[in-house]
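To keep things clear, I will list the structure first and then write my remarks on it.
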Amino acid sequence: MARADVVVVGAGLAGLSAAVGLAEAGARVEVLATGHAATHWAPGGLDVAAVPGTETPAAGLRLLAARPQHPYALLASHVAPALAWLRGVVAGSGLVYVGDLDAPIRPVPTSVGRTRPAAILPEGQAAALAPWAPDERLLICGPLGFKDFWPEAVAAGLRRPEAWPGTAGPARVDAVTFEPPGFRGTRNHNALDLARAFDDASWREAALVAIARAVSAAGPGPGRVALPACLGLADHPAVLEAARATLPLEPFEVPLVPPSLPGLRLYRALREALRRAGGRLQIGEAVQRVDVEAGRVVRVAVPAAARQHLVATGALVLATGGIAGGGLLATMDGRLEETVLGLPVEAPDADAWLAQDPLDPQGHPLEAAGVRTDGQLRPVDPTGASGGAALYENVHVVGSLLAGQRYLRERCGDGVALASGHLAAELLGSGRATGRQSLAEARR
Amino acid sequence: MIPSLVDVLVIGGGATGAGILRDLSRRGLRCLLVDKSDMGTGTSGRYHGLLHSGGRYVSKDPIAARECIDENRVLRRIAPHCIEDTGGLFVATRDDPADYVEAFPEASAACGVPCEEVPLDELFRREPALDRSIWRAYRVPDASLEPWQLIEANLADARAHGSQAVPYQRVVGMTRNGAQITSVELHDERSGSLSRVAARMVVSAAGAWAGRVAALAGVELAMSPGKGTMLVYNQRMTDTVVNRCHRPGDGDIMVPVHLVAILGTTEIRVDDPDRYGISREEVMALIAEGSKLFPDLPRMRLLRAYAGVRPLYQLEPPADPGDVRGISRAHVVIDHEQRDGVRNLVSIVGGKLTTYRLMAEQTADAVAAKLGVSVRCTTAEDALPGADDRHYYWLGHRLAEHEHQGGGDAELICECEIVTRDGLERFLDEHWPCSLDDVRRGTRLGMGPCQGGFCTFRAVGAMARRGTRDGDAPGRGADDRSPPESGAADDAAEEATLAAFVEERYKGIRPIVWGRQLQELWLTTGIYAGVLGVGAPRSAPQALVSGVNASRVEPTPGGRDGQG
C-alpha cells in the first residue's frame, strides 16, 4: 500500500494549487483524478471576479466577499497571496501572467467574435487588454482551413459596437488568412496540432513569415493582430517572442474551444512544479472507495491495472469540481450527490434549479450548489444538523465544489480555486487544520 | 416572390401540405404552399420517426391499420431514400395481457399486416438490450422514416411541376365575398412585409393549427391537439423499431433514428398548439414504461426531450374531454362548402405521418372535383426525386460516401453526423441565403450525440465566410491578401444564432436535467457563455445584488424539432 500525507482528488487549478503548495512544503502528495479538468477548456486567463458594475477584480472581490454565502467571504484575503504564489510557480516554466487585482477589467475578443471581460491574462493574450486608440485597427488572422477559427466570422462579430461594452472598440476590424507551411492537402487539424508545429523552430519561422506577409498586405497603420491560441505548447515563450519580433503588428492569442492551449500550458506548468517538488499525479480513474476511521479519512482506493491502488493518507483534499467537473451528480429524483464521499450538498429545490432564460445574467440558482464548509474548508452539514461541526476532521474542500459561487456569471472560478487550494495547502502544511503538528513537520 | 393569383393556395408546410402540393401540381394545377415558419417545423418535424406497419392499430382501429400497411408499401416504393428499413418488433412484457398477445397475429392478418413470430433466442441475439422477461415477439414491417427529406422531396417534385413553396409566410387574414374567399393576406415573418394572394381554392393543411386558419375564414373548426412527448437517447440501444404488444399507451415505442434512438410517446390534450410544456413527471413516466422494454434505460444518457402536437379532430363531442388516446387517428377531409357555406375552402385534419400521401390524395381529389379537374392522382406510382436508385437509406451511408471521396482527408465540420466542409459549402451554395436551422435540417449537422456543441460555431463561421465570399473567394491564401469588404455577412442573424443554439440545448435538456445531460449542459454553457462570451452581457449592477431568481419556472417544449 502506498502512503501519502495528503491525497488530492482532482487535477484542476484548485487541486493542483493545493498539491503543489503542499509538495513545496515537504508533504508527500498524491493527486488522483478521473480526467483532465477545466484547465483543458478554460481560456487560460485567471478570472477572480468580473461582476457587472465593477471596474476591477479587487472591486468584484470585495462585493462578493460581502455576501456571507459566497466562498470569498472566507477566502478574499487569500486571493492576492495565492495569485502571487502562482505567478512564481508558473514562471518556472516560462509562463508569465500580466495584470493584477487592481487592473481594469476590459473586454477581450473570443474566437466567435464576441468579447469576455478579463483583467489577468497570460502574456500571450495580454496585448488584447490595452484600450483601443481611435485610429487603431484589429486584424483577425487565421490559418487557412482551420475549422475552429473562422476569421471572417470573428471580424464580423467584432465590428459590432455591442461587442465592446463600455468602451470603444478598434477603428476597423479585418480578416486575413495565411497558409500554414506543409499543411496543404492535410485536414482535420486542431489547435494542438498547430501548437506542436509552432514548437518546431524552422516551421515556426516559415509560418511567422507567412503571417507577416498576410498582415503587411492588409495595409499600413497602427493596430494589433489576433491569432488563434496555438502559438506553441512546450516552447510557447519562444514562439511568442519570435512572433513579436517577426510580425509588423503586436500579436495576441484568442482562446478557442477545447482543447485550449492557454489552459493546457497552465496545467503543464503546475504539473511540472508538482513533479519538481516530488508530488505524484495519476489521471484516468475515479476514486472507488474511501475508508474512514473515527471521523478521519485513512485510505483511498482507485482502480489500477489488474488490481486496486490503495493509498493510506493523513488527509484528503477534495477538488473534484462542481456539476461540470463531475464532483456533483444530479439524480433523476432531483437531488445532487457529492460523488466521492457522499457529502451533503446545498442545493435549491429541483424545480428551481434553472432560471427561465438560459443566458440569464444572474445565472441559474443551481450554479451556486455545492458543499458548505467551516473556516478550515472542512465539510459541514448545510442544514446546520451537525451544529457547524466538520463532518470529517481531515477533509478539505476546494474549488468549484464549494457552495455559494456562480463561477460562470461572477467569473470567480479561478480566484476561488486558487485561494482555496492555497489555503488548504497552508492549513495542512502548517498543521493548523488539525491543531497538531503538520504532517510534513512530524515526518521530519 | 409571392404570386398574386394561383389555382390553389396550400397552408402548412408539413408532410401533408407538401404531399398535397405535389399531388395537385401533378394534376396540372398551379399552386402555392406557405408556412408560418420553415417547412417541417410543426408536427411533421417533431414526430417519433416511425413508419408504421399498422401493427399498432390492428386491434383498436383496423381501418387505420390497413391504411398504414398500404401506405407503408407505397412509401417504400416511392421514397426508399427517406427510409431506413429497420423492421419492427412487437414484444410482450410481463405487463402485457396474454389474450392481446395471443390474438395479435390473427388481428394483424385480418388487417393485412405481415406478422411472424420471432423465436426468443433469435430476438435476444439480435437485440440484446431487450428485457429478458419478454415472452413473445412478432416481426412486422415497421421502419424509420426521415420527415425533412420526405417533405423536401415532395416540394422538389411540386416545383418541377410548376408550383411554389415559400417558408415564413404567416396567413394573417382572409377576405370573403359571401361564400367565396377572394384573397388571403400573408405576413412575411422575416421581412415584416405583407402581401396578398388570390386563389381559386384554399387548402388548410395546418394540422393542429387548422382551427386558427379556419377562423380567419370565419369558420369554426375545433381541434383537440394532443401533445406527444419523446425522449432522444444518445445511442441506438436497438437497431429495430420496438413496440409493446398491447393496446397503444405511453412510452411503448422505441425507434432507432440515424445515430440516436427515440422513445415515445405520451398523449396529453393541450389547448394551444404553440404553448405546452414537458413536465418531469411525464418524462419519469416515459422512462418507467420504456424500462419495461429496455431495463438499462434509466442509466442511459439522454440528449433531449421534445414534444409535438397531433392534429387530432373529433367529429363527435368527447365523453371525457381529457381523453385524447380515445380520439381516432383517422383523417378527415372537410369541405367547408357543405359544412359552413364557404365555397373554396377545404381542410384536412387528423391523420398521421405514415399516411400523409393518402391524406394528400384524398384532399387533392376533393379539390380537383371542386375545380372540375379530372386528372387522376399519380403520387403512389411515381417515385419521388432522390429515389432514383431505389435503395433504402442505411446508417453507414454517410461514412461510405465520405470514404469514397477521399476518406480521412476530407475535413469534418460535424464529426457526429459526418458533415464535411465540402458538403457544407455545397449546401450553402445551393441554398444561400439560409439559416442555421436550414443547415441542420438539410445536412443533419449538430443532430448527433454532441448536439452541435462543437460544430455550431463552425457552421456559423462557414456561413460568415459564405456571406463575405464576394470579397474573399474560397481558397485564397497568403498570395491573395486583400481584406474583404465588411458588412456582407448578416451580423445580427449570426449574433442571434449562437445564443439561440444555447437556448435550444437548454430547452431540450430542461425536462431531463440530471446526470450526464446536466453535466453536458453545464459544459456547453461554460464553453459558449464562459469561454466564448455568447449572450453574457455585462448588464446592470443590480442584476447581481438581487440574488437568486427562484421564481417558479414554466415548462417549455423541449427542442425546436425532433429527431436529434
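Each reported figure results from applying straightforward, stated rules to the coordinates on display, with no laboratory input. Please read all numbers here as calculations on a predicted model, not as lab measurements. In this analysis, Cβ positions are derived from the backbone assuming ideal geometry, glycine residues included, and neighbour counts consider all displayed protein chains.
Angle check, please: helix A:236-246 long axis (alpha carbons) against the longest principal axis of chain A (alpha carbons), in degrees 0 to 90, nearest 10. Once rounded, one gets 20 degrees.
Per-residue Cβ neighbour counts within 10 Å put A:E162, A:E179 in the sequence A:E162, A:E179, beginning with the fewest.
Its Cα centre serving as origin, region B:1-50 has a Cβ charge dipole (Lys and Arg +1, Asp and Glu -1) of approximately 100 debye.
The label point for A:A389 and the one for B:E415, both projected 7 Å from the Cα toward the Cβ, are 5.0 nm apart. Between B:R94 and A:D374, the simple spin-label model (points 7 angstrom out along Cα→Cβ) gives 4.9 nm. The gain in end-to-end length when the B:R196 to B:A380 segment is fully stretched comes to 62.9 nm, 0.36 nm per residue minus the alpha carbon separation. Just the number, please: percent antiparallel of the DSSP beta bridges in region A:68-226, rounded to the nearest 5. Taking every DSSP beta bridge with both residues in region A:68-226, the antiparallel ones total about 35 percent. Peptide B:504-517 is shielded by partner chain Cβ atoms: per residue, an average of 3 of them sit within 10 Å of its Cβ.
Axis of helix A:413-430 versus longest Cα principal axis of chain A: the two differ by about 40°, to the nearest ten degrees. Distances between placed amide hydrogens fall under 5 Å for A:F178 paired with A:G142, A:L144, all partners being 5 or more residues away or on another chain. Estimated from the Cβ-Cβ distance and a Förster radius of 30 angstrom, the FRET efficiency linking A:D102 and A:D360 is about 0.55.
Given R0 = 56 Å, the distance between the Cβ atoms of A:D193 and B:A103 translates into a calculated FRET efficiency of 0.35. For chain A, the longest principal axis of the C-alpha atoms and the axis of helix A:13-24 are separated by about 70°. Taken about its Cα centre, chain A carries a charge dipole of about 760 debye when Lys and Arg each add +1 at the Cβ and Asp and Glu each add -1 at the Cβ. In this Cβ point-charge picture (+1 for Lys and Arg, -1 for Asp and Glu), the protein assembly as shown has a dipole of about 1160 debye about its Cα centre. Shown for chain B: cysteine residues without a partner Cβ closer than 4.7 Å, namely B:C31, B:C68, B:C82, B:C111, B:C115, B:C245, B:C377, B:C416, B:C434, B:C450. Which of rounded, prolate, oblate describes chain B, given a ≥ b ≥ c as roots of the alpha-carbon gyration tensor eigenvalues and a/c under 1.5 marking rounded, otherwise prolate only if a/b is larger than b/c? Verdict is rounded for chain B.
Take each residue in B:422-434, count the other chain C-beta atoms within 10 Å of its C-beta, and the mean is 0. Averaging the sequence gap over all C-alpha pairs within less than 8 Å and six or more residues apart, then dividing by the number of residues, gives chain B a relative contact order of 19 percent. A simple count of charges around B:P105, restricted to other residues whose Cβ falls under 12 Å of its Cβ and scoring Lys, Arg +1 and Asp, Glu -1, yields -2.
Label positions at A:I283 and B:R159, each projected 7 Å from the Cα along the C-beta direction, are separated by 4.9 nm. When DSSP beta bridges are restricted to pairs lying wholly in chain A, around 40% turn out antiparallel. Just to confirm my numbers, what's the Cα centroid distance between region B:351-410 and region B:83-152 in Å? Each part's Cα centre sits 25 Å from the other's. Bridge orientation summary for the protein assembly as shown: considering DSSP beta bridges with both residues in this region, about 55 percent are antiparallel.
Here region A:91-168 and region A:281-344 have alpha carbon centers that stand 38 Å from each other. Candidate membrane-span-like segments in chain B, meaning DSSP H helices with Cα atoms spread over at least 18 Å of their own axis and a Kyte-Doolittle mean of -1.0 or above, are B:62-78, B:98-111, B:147-160, B:356-371, B:491-509, with no membrane implied. Shape analysis of region A:362-422 places it in the oblate category; the axes a ≥ b ≥ c from the Cα gyration tensor give an a/c of at least 1.5, with a/b not above b/c.
On the beta carbon distance between B:N177 and B:A215, with R0 = 22 Å, the FRET formula returns roughly 0.75. Beyond 25 Å in Cα-Cα separation lie the following of the pairs B:K36/B:K352; B:K60/B:K292; B:K60/B:K227; A:K147/B:K507; B:K60/B:K352: A:K147/B:K507.
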